[in-house]
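Take a look at the structure below.
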Amino acid sequence: MPLKNPEAIATILSSLRLLYGDETARTMLVEGMTLATLMDAMFKGPVTHRDAVRSITNALDDFAITPELGPIWHLRYLYEDNPGSFLVVDMEIATPTGTLSSRDVWLRLPV
């Protein structure tokens, strides 16, 4: 299946490989990881914080997301606790049935 955002997935793969190594990164993409784990790896990676958030956001269309979100959902950014800060520190997904924290959302690339 072709990827919708191959550049975002490539950026994510590079960050995961640098932090965890080739085999673990591959396993994480195929077997799954939490959104929180992905954000942590991206924020520690070689890309800027802003580009990390952009890559994650763009790549969500390529991941199979668990639990199933349904057709209506919204990605919420949580910002640093400094007045006027636009530094994203976490994300959560709001659905009609409730809000899922980044630790509750599992992502994997469909095989």
Review point. Going by the structure shown, is residue 22 out of contact with any His (no Cβ under 9 Å at 6 or more places or on another chain), over 17 Å from residue 110 (Cα atoms) and not hydrophobic (A, V, I, L, M, F, W, C)?
Key: yes
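Take the residues of the range 1-15 that are assigned to a loop (DSSP other than H, G, I, E, B) and either touching a Ser or Thr at 6+ places or on another chain (Cβ under 9 Å) or among the basic types (Lys, Arg) (or both): which is farthest from residue 42 (Cα to Cα)?
To start, the set of residues in the range 1-15 that are assigned to a loop (DSSP other than H, G, I, E, B) comprises 1-5.
When the remaining residues are screened for being either touching a Ser or Thr at 6+ places or on another chain (Cβ under 9 Å) or among the basic types (Lys, Arg) (or both), the result is 4-5.
Working: 4: 19, 5: 16 Å.
Residue satisfying both the conditions and the ranking: 4.
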Exercise for review: Look through 78, 29 and report the one residue that is free of Cβ contacts under 8 Å to residues at least 24 places away in the same chain, surrounded by 12 or more Cβ atoms within 10 Å (Cβ to Cβ), out of contact with any Pro (no Cβ under 6 Å at 6 or more places or on another chain) and of a type in the set (A, V, I, L, M).
Suggested key: 78
Check your understanding: Looking at this structure, is residue 23 surrounded by fewer than 18 Cβ atoms within 10 Å (Cβ to Cβ), modelled with pLDDT under 95 and over 22 Å from residue 2 (Cβ atoms)?
Key -> no
Check your understanding: Can you name the condition, by its number, that residue 111 falls short on among (1) out of contact with any strand residue (DSSP E or B) (no Cβ under 7 Å at 6 or more places or on another chain); (2) modelled with pLDDT of 95 or more?
Key -> (2)
Practice item. Among the numbered conditions (1) assigned to a loop (DSSP other than H, G, I, E, B); (2) under 14 Å from residue 35 (Cα atoms), tell me where residue 86 comes up short. Key: (2)
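Looking only at residues in the range 89-110 that are of a type in the set (Val, Ile, Thr) and not in a strand (DSSP E or B), which one is farthest from the chain's Cα centre (by Cα)? Spell out the reasoning first.
The initial filter retains those residues of the range 89-110 that are of a type in the set (Val, Ile, Thr), namely 89, 93, 95, 97, 99, 105.
Add one more test, that the residue is not in a strand (DSSP E or B), and what stays is 97, 105.
On the way: 97: 21, 105: 9 Å.
Of everything passing the filter in the range 89-110, 97 is farthest from the chain's Cα centre (by Cα).
Consider the range 82-111. How many of its residues are of a type in the set (Val, Ile, Thr) and within 17 Å of residue 59 (Cα to Cα)? Walk me through how you get there before you give the answer.
Of all residues in the range 82-111, those of a type in the set (Val, Ile, Thr) come to 88-89, 93, 95, 97, 99, 105, 111.
Within this subset, residues satisfying the condition of being within 17 Å of residue 59 (Cα to Cα) are 88, 93, 105, 111.
So the count comes out to 4.
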Revision key, fill the gap. Exception for residue 18 within (1) more than 25 Å from residue 2 (Cα to Cα); (2) more than 11 Å from the chain's Cα centre (by Cα); (3) in a helix (DSSP H, G or I) falls at (1)
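The values are calculated or read from the model by the stated rules, or taken from the named source; none is laboratory data. Bear in mind that the values here come from a model prediction, so they are computed numbers and not experimental data. Note: ideal-geometry Cβ built from the backbone for every residue, glycine included; neighbour counts use all protein chains shown.
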